[in-house]
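Report on the structure given below.
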Amino acid sequence: MESLVCYIEEVFPTLSKSQQRVAKLILDDAQFVMMHSASEIGKRAETSETTVIRLCYTLGFSGFTELQNKLRRTLVAQSSLGSYVARAEEDVDTDHFVKNEMTEFTRQLVDLASTIDEESFSTATKKLHEAKQIVVIGEGASRIVAEWFGLTLSMLRPDVVVPSTDSVALINLYRQTTPDTVVVLISMHRYYKEPIDITRHLKDLGATILTISDSKVAPAAEFTDQLFILNTRQQSTIELIPGVIAFLNTLASGMMRHDPPYYKKQREQFEDMHRRYIHTRWS
């Protein structure tokens with residue numbers, strides 16, 4: 001990244017005014033450039049998509065995708081923890097820390113809700129409802145979210161799997177995958193390779209893929225059937241996770257709306273099984 005920064009700074013005076021605005025955006029907000037299309041970059045820099053691509057050529061890249069790949073290789077190696085800590089430190093001395101933090105979280109939820117297309121959301125909930133099997137996949141911070149969503153769905157319906165990645169478990173998962181399988185992939189910044197590869201294999205076996213991510217150019221965007229982008233501004237993954245959980249909770253609620261009596265019966269069966277066979281473990 002340092003070599004790219006140095007080169008941009010070196011050629012900056014020779015660039016046109018519009019290219020300079022794009023170059024400045026790369027220097028000031030590389031993560032935004034990595035996570036958005038050339039058209040969106042041009043819009044934010046008050047220029048055209050063509051200008052963005054021409055700048056890529058000027059910087060020695062074969063195109064915009066190569067620039068993004070360069071930024072991704074650099075930024076993926078960086079932790080989102082620094083961004084999270086820096087934001088927290090901004091308010092550390094305020095008199096209303098709790099109120100400010102919770103208010104910011106509320107704003108985040110409102111922002112995320114405004115980006116969700118209702119028709120796409122309805123389609124996704126119907127797919128979940130009709131699925132014979134639901135597989136929830138995530139790694140790193142996304143694994144925590146995947147475990148939570150898998151537990152929630154398991155209380156509402158049968159045949160929900162949050163797979164482990166040992167060889168036997170994966171082979172069994174691939175054996176059980178059919179065109180009636182729906183995979184929910186949670187793939188946030190860092191974009192761990194293994195869950196993406198597993199999901200791609202499940203896609204090849206006929207499964208429908210729903211991806212929750214923070215970027216239109218996330219690796220899974222290449223093959224997913226539906227992509228929900230849950231990021232309205234530059235945020236660390238840590239900050240984004242509560243909003244992702246809120247969205248998944250809404251997704252589960254939307255799934256239940258397709259057949260309330262069925263899910264009422266499933267909930268009652270779950271509670272009965274828990275009461276008869278499980279709760280004595282803690283008695």
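Couple of notes before you dig in:
- On the beta carbon distance between ASN100 and GLU147, with R0 = 22 Å, the FRET formula returns roughly 0.15.
- Net length available on complete extension from TYR262 to LEU27 is 79.3 nm, with 0.36 nm assigned per residue and the Cα-Cα distance removed.
- Crossing angle, helix 118-130 versus the chain [Cα axis fit, 0-90 degrees, rounded to tens]: 40 degrees
- Region 116-282, relative contact order in percent, only Cα pairs under 8 angstrom and at least six apart counted: 25 percent
- Helix 193-204 and the longest principal axis of the Cα set of the chain meet at an angle near 60°.
- In degrees, nearest ten, helix 2-11 long axis to first principal axis of the chain (Cα): 40 degrees
- Placing a label point 7 Å from the Cα of ASP117 along the Cα-to-Cβ direction, the residues of region 26-51 with a backbone N closer than 18 Å are 36-40.
- As a length-normalised measure over Cα pairs under 8 Å and 6 or more apart, the relative contact order of the chain settles at 18 percent.
- Using only side-chain charges placed at the Cβ, +1 for Lys and Arg and -1 for Asp and Glu, the dipole size of region 116-282 relative to its Cα centre rounds to 400 debye.
- Leading residue at positive end of dipole, the chain (Cβ point charges), from ILE241, SER164, THR51: SER164
- Region 2-75 shape via C-alpha gyration tensor axes, a/c threshold 1.5: rounded
- Cα-based shape type of the chain, given that a ≥ b ≥ c are square roots of the gyration tensor eigenvalues and the cut on a/c is 1.5: prolate
- Where Cα atoms sit under 30 Å apart: lysine pairs in the chain separated by 8 or more or lying on different chains: 29
- Placing +1 on the Cβ of every Lys and Arg and -1 on the Cβ of every Asp and Glu, with no other charges, gives the chain a dipole of roughly 720 debye about its Cα centre.
- Residues GLU130 and ARG175, FRET efficiency given R0 of 25 Å [Cβ-Cβ distance, rounded to 0.05]: 0.70
Read the figures in this text as sums done on the coordinates, not as results from a lab. What you see is a predicted model, and the numbers here were worked out from it, not measured in a lab. Here Cβ is always computed from backbone atoms with ideal geometry, including for glycine, and neighbour counts include all displayed protein chains.
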